Amino acid sequence: MVGTAASPRSPSLVVPEGWRSVAAAGPGPFVTRETYQRPDGVVITWTSRRQRKRHSLLDAGQRSTWWAPGAVGWWIGVLFAVGSLCFALGAAPRYVDAVGVATDGVTFFVGSLFFTAAACLLYLEVANASRVPPGAETPERRRLLTWEPRRIDWWAALVQLVGTVLFNISTYDAMREHLSASQANRLVWSPDALGSICFLVASGLAWAEVSHGLWSWRPRSLSWLITALNLAGSIAFGVSAVASHVVPASDQPRNVTLMNLGTFVGGLCFLIGAVLLLPERTRDDTDP
């Protein structure tokens with residue numbers, strides 16, 4: 001039986017004996033890419049996102065891009081897409097006029113539930129990423145909860161999950177709130193500031209994971225494009241949250257138009273990023 005040992009740099013990786021770490025990279029204290037040389041001289045490169053997306057213990061092995069209900073990554077993409085569509089639709093021009101304030105509030109709340117369901121699965125995907133690098137065969141068991149503060153993707157998934165729960169609370173409160181007729185024509189949903197901050201932090205961590213640092217420019221990389229879209233969507237949500245700040249003198253949001261526009265643009269960015277998650281798990285050219 002071939003022995004194994006923990007990677008000297010990446011805390012989440014276990015490598016066979018004889019494998020030698022020759023290079024590692026990552027933002028700050030986190031390792032997101034590591035290169036190994038096997039005893040036979042073959043060089044293997046491990047990256048945290050590719051390992052999670054293409055080597056998950058929760059993937060039933062169905063390699064179909066658009067229909068793979070046996071793969072957790074497929075469900076994450078679908079659920080995030082539905083939730084994003086609800087937010088973009090809820091903030092779309094004239095939607096609230098067409099369906100009414102009550103239905104509009106339900107749209108946002110339902111979208112937040114899809115966000116939370118997807119975030120829960122994302123955490124499970126992180127917890128169940130294979131702990132052995134490509135080319136190493138070692139039996140593994142599935143995990144429900146983990147404590148891995150030295151992994152940047154663990155932090156990103158956890159913070160995003162917290163953010164979705166905060167959106168559950170704020171959209172539920174907004175759904176219950178009774179708005180006046182004048183407000184109904186302008187105000188659809190006041191974004192939760194803490195939830196928006198969580199989304200921004202989680203998106204920033206995901207961006208740093210793919211960039212293996214604080215900055216990169218690889219628009220031809222699907223993984224890079226997804227994290228860039230999510231970061232842009234989180235910034236748009238943040239702008240919406242700032243614009244929704246109530247001015248004491250008027251007791252009205254600072255800028256209702258900008259608030260709704262930020263939510264709409266953010267929802268569209270999240271929607272495109274979620275759809276791109278589907279081919280990311282099946283494409284062979286995922287950028288390392």
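Miscellaneous remarks
- Accessible surface of the chain, 1.4 Å probe: 64 percent of it comes from carbon and sulfur atoms.
- Largest accessible area first, the residues 175, 259 order themselves as 175, 259 under a 1.4 Å probe with ligands, DNA and RNA left out.
- Label-point separation, residue 218 to residue 150 (7 Å along Cα→Cβ), nm: 2.4 nm
- Accessible surface of residue 74, taken over heavy atoms with a 1.4 Å probe and every protein chain present, rounds to 20 Å².
- Ranking 40, 192 by solvent-accessible area of protein heavy atoms (1.4 Å probe, all protein chains present), from largest to smallest, gives 40, 192.
- Per-residue surface analysis assigns residue 159 an accessible area of about 30 Å², computed on protein heavy atoms at 1.4 Å probe radius.
- Magnitude of the charge dipole, the chain, Cβ model with Lys/Arg +1 and Asp/Glu -1, debye to 20: 540 debye
- With all protein chains kept in place, the per residue accessible area of the range 75-156 amounts to 45 square angstrom at a probe of 1.4 angstrom.
- Residue 99 versus residue 44: modelled label distance in nm, points set 7 Å from Cα along the beta carbon direction: 4.8 nm
- On full extension, the segment bounded by residue 25 and residue 242 gains 74.6 nm, given 0.36 nm per residue less the C-alpha separation.
- Residues within the reach of a label modelled at residue 172 (point 7 angstrom out along Cα to beta-carbon, backbone nitrogen below 14 Å), restricted to the range 117-132, are 117.
- Toward the positive end of the charge dipole of the chain, with +1 on the Cβ of Lys and Arg and -1 on the Cβ of Asp and Glu, the farthest Cα among 208, 82, 119 is that of 208.
- The heavy atoms of residue 218 offer some 60 square angstrom of accessible surface to a 1.4 angstrom probe.
- Only helices enter this figure: runs of n ≥ 4 DSSP H residues, each worth -39500 (n - 2.57), summed and divided by the residues of the chain, yield -18000 deg cm²/dmol at 222 nm to the nearest 500.
- Separation in nanometres of the label points that stand 7 Å from Cα toward Cβ, at residue 284 and residue 63: 0.8 nm
The values are calculated or read from the model by the stated rules, or taken from the named source; none is laboratory data. Quick caveat, the model's predicted, so the values are computed rather than measured. We place every Cβ from the backbone using ideal geometry, glycine too, and count neighbours over all the protein chains shown. These accessible areas exclude ligands, DNA and RNA; they are computed on the full protein's heavy atoms, side chains included. Shrake-Rupley method; radii C 1.70, N 1.55, O 1.52, S 1.80 Å.
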